[in-house]
Structures are given as structure tokens and as C-alpha cells.
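Since the structure comes first, as C-alpha cells, the remarks are kept for the end.
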């Protein structure tokens, strides 16, 4: 069994997030089913070149991929259509919703590199540090990628956590999904409430 088949099996068996076939998706393309989440950008054989410019916003949470360049991911499917996400959390969502599409290549921000914007590294060549003190993106249980295993070990020495390959980090992302989504929902509700209170206060001041 090759890696791609193993990945698809892990998504189906471990995530439990999406069920159905391509035929079912095509039949329900407009009623809120996963077909609506098929990447909208045109096919690009060189999707990883200038990826932030091509895919500036994460399609699943709306976050700025330039701001989260260190955690961003890029999933390129076999037809060269790509999904640029802010994090492994949202890349996991893409892989689940597009379970009938074959992942061709995947990249992640390389935290072993210096510079204002982290370059991309192929996920199979990266070492992930899972569960360290480094703040996570879209998750409480952080998952940080390094092209250099030595850099990952150095980060582990300073911040704790466990070293992992991509498939292990992806499984951790799915395992964390329920708690992360609940936490994100509560945080966003709190922000909305605060904004409403600020708007109400401003309106009352304007009245007086």
C-alpha cells in the first residue's frame, strides 16, 4: 500500500468527518454538502510558487496566510487544483472534505528557515514538533514543522513536545479537532459579544 492510499484510509477510518462518494457530492453540489468546498482557484502545476500571493486567505477560517506564514500549508490535488490553508488544522479539513480527490503534493511552512516569510517544505521531508509550548494555530496542541530534524530537536529541547512525521501530526490534528473547534467557537462568540457591547456603548455615548 502506498502512502497516498494509507493517507486516504487514515482519513476515512480516523477522522469520521466526511462520508459519501463523488457521485453523492455531484448530486448535492448546492445544498451545503462537501462539494461546495472543492477548491475554487484554477489548476496550477506550480501552486507552491508565490503561494501566499495566489492563496492569500484560508478558505476554511478566513485567516491571512501571510500573517500565519510559519504554519501555513498547501495541498495540491492530482488535477493540480490546490488549497492554501493557514494551518495543519485547516489542511486536515480540506483533505476530509475532498476525500475523493487524490492529494498529489503537500507543503508546510519551514520553521527551520530564517527570514521574514518561511519558505515551504514538502511534508514528507519535514519533522513536526507536536504538543510543545510553542503557540498553536487553530489548535491548543501545537504542531510546528521543520525541514531540518536537528532544528526540530533543538526546538524540542527548548519547548518540549514530541517529534513526529507528517502522518502522525495529521492524526493528531484529527484527534484534536473536536476540542479545537469548540474552543474556536467559544472564542469567536466572546469576541462577537465584546464587539456588540462596544457598539452599544458607542451608540449610547452618541445619544448623550
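The values are calculated or read from the model by the stated rules, or taken from the named source; none is laboratory data. Values in this document were obtained by computation on a predicted structure and should not be read as measured data. Positions of Cβ are generated from backbone atoms using ideal geometry, with glycine treated the same way; all protein chains shown enter the neighbour counts.
Here is how the numbers come out for the structure above:
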| item | result |
| --- | --- |
| Selected residue (criterion: nearest to residue 46 (Cα to Cα)) from residues of segment 129-150 that are assigned to a strand (DSSP E or B) and more than 14 Å from the chain's Cα centre (by Cα) | 146 |
| Any chance residue 123 is in contact (Cβ under 8 Å) with a residue 12 or more places away in the chain and within 24 Å of residue 47 (Cα to Cα) | yes |
| Among the candidates 100, 80, residue that is modelled with pLDDT under 95, more than 20 Å from residue 184 (Cβ to Cβ) and surrounded by fewer than 19 Cβ atoms within 10 Å (Cβ to Cβ) | 100 |
| Looking only at segment 46-58, and only at residues there that are part of a loop (DSSP other than H, G, I, E, B) and surrounded by fewer than 18 Cβ atoms within 10 Å (Cβ to Cβ), the one that is nearest to the chain's Cα centre (by Cα) | 56 |
| Residue satisfying all of: in segment 59-76; in a strand (DSSP E or B) and in contact with a strand residue (DSSP E or B) (Cβ under 6 Å, 6 or more places away or on another chain); nearest to residue 109 (Cα to Cα) among these | 73 |
| Those residues of segment 94-108 which are under 19 Å from residue 180 (Cβ atoms) and free of Cβ contacts under 8 Å to residues at least 60 places away in the same chain, in sequence order | 94, 108 |
| Close pairs (7 angstrom Cβ cut-off, 6 or more residues apart or separate chains): within 14 Å of residue 142 (Cα to Cα) in segment 164-191, at pLDDT below 95 and in a helix (DSSP H, G or I) anywhere | 171/10; 171/14; 174/14; 174/15 |
| Test: residue in segment 168-177 that is part of a loop (DSSP other than H, G, I, E, B) and more than 19 Å from residue 61 (Cα to Cα) | no |
| Residue ID - surrounded by the most Cβ atoms within 10 Å (Cβ to Cβ), chosen from residues in segment 103-123 that are in a strand (DSSP E or B) and touching a helix residue (DSSP H, G or I) at 6+ places or on another chain (Cβ under 6 Å) | 108 |
